[in-house]
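Report on the structure given below.
The values are calculated or read from the model by the stated rules, or taken from the named source; none is laboratory data. Predicted, not measured: the structure shown is a model, and the values here were computed from it. Virtual Cβ from ideal backbone geometry, glycine too; neighbours counted across all protein chains shown. All accessible areas refer to the heavy atoms of the entire protein, side chains included, with ligands and DNA or RNA removed. Shrake-Rupley method; radii C 1.70, N 1.55, O 1.52, S 1.80 Å.
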Amino acid sequence: MLKVDDQLAEFTQMHDEFIIDWNSAMKTGDTSALERMTEDYYVTFFNDSNEKPMLFSREEAISGMRESVKQLIGAQKEFKNRVIRMKDAENAAVFYELLLVQDEKVLARLFTIETWHLTDGKWMLVREVEEPI
């Protein structure tokens, strides 16, 4: 079994590639490389208001991601101030500010938390939390 420090380096490399895959998807519209979610994955979106957050299942999230990427082809996702923390050798949390930029205009700024789990040698997204900033 790998030590947590070794896993951090491996996970960071995988997450760097995940960001590259996002950049590719924003150019091509193909999100297949991003669809690395566990079966029980979910994403929670908080609003600017005090309303309850919206919760989306894996299927809903993938469908929404495909649609929004196709609508925003040519836009860029910028991952700012990323921090990665290993909970243990099989679980990681990633925190960052996500900017969605098109034609030099910031369309959205979100604080994002991703939770990842190593399953059968592959890092998979377990859940995400998104909040506008």
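On the full set of protein chains, 1.4 Å probe, figure out the accessible area of residue 109 and give it in Å² to the nearest 10.
Roughly 100 Å² of residue 109 is accessible to a 1.4 Å probe.
Can you bin the chain into rounded, prolate or oblate? Criterion: square roots of the alpha carbon gyration tensor eigenvalues sorted a ≥ b ≥ c, rounded for a/c under 1.5, prolate for a/b above b/c, oblate for the rest.
prolate
Quick one: net charge of residue 133's neighbours, Cβ under 11 Å, K/R +1, D/E -1?
Neighbourhood net charge equals -2.
For the chain, which whole percent of the accessible surface, found with a 1.4 angstrom probe, sits on carbon and sulfur atoms?
In the chain, the share of accessible area belonging to carbon and sulfur is 50 percent.
Residues of segment 34-129: accessible area per residue at 1.4 Å, in Å²?
Roughly 61 Å² per residue, with all protein chains present.
Hey, can you grab everything whose amide H is under 5 Å from the amide H of residue 37? Only 5+ residues off in sequence or another chain; H modelled, so Pro and N-termini drop out.
125
Please give the solvent-accessible surface of residue 100 in Å², to the nearest 10, using a probe radius of 1.4 Å with every protein chain present.
30 Å²
Please give me, ordered by residue number, the GluC sites (Glu not before Pro) of segment 69-118 that lie in loop per DSSP and have at most 12 other Cβ atoms within 10 Å.
Within segment 69-118, the qualifying GluC sites (Glu not before Pro) (loop, at most 12 other Cβ atoms within 10 Å) are 104.
What do you reckon, how do 82, 36 stack up by accessible area (1.4 Å probe), largest on top?
Greatest to least solvent exposure: 82, 36.
For residue 122, give me every one of the lysines with a C-alpha distance below 22 angstrom, ignoring sequence neighbours fewer than eight places off in its own chain.
3, 87
Please report the net charge: other residues with Cβ closer than 12 Å to the Cβ of residue 106, K and R +1, D and E -1.
Once all neighbours under 12 Å are counted, the net charge is 0.
For the chain, take the longest principal axis of its alpha carbons; what is the angle in degrees between that and the long axis of helix 58-71, to the nearest 10 within 0 to 90?
50 degrees
Normalised by the number of residues in the chain, what is the relative contact order in percent for Cα pairs under 8 Å and 6+ residues apart?
Rounded, it is 25 percent for the chain.
For the chain, find the longest principal axis of its Cα atoms and tell me its angle to the long axis of helix 4-28, 0 to 90°, nearest 10.
Computed tilt is about 30 degrees.
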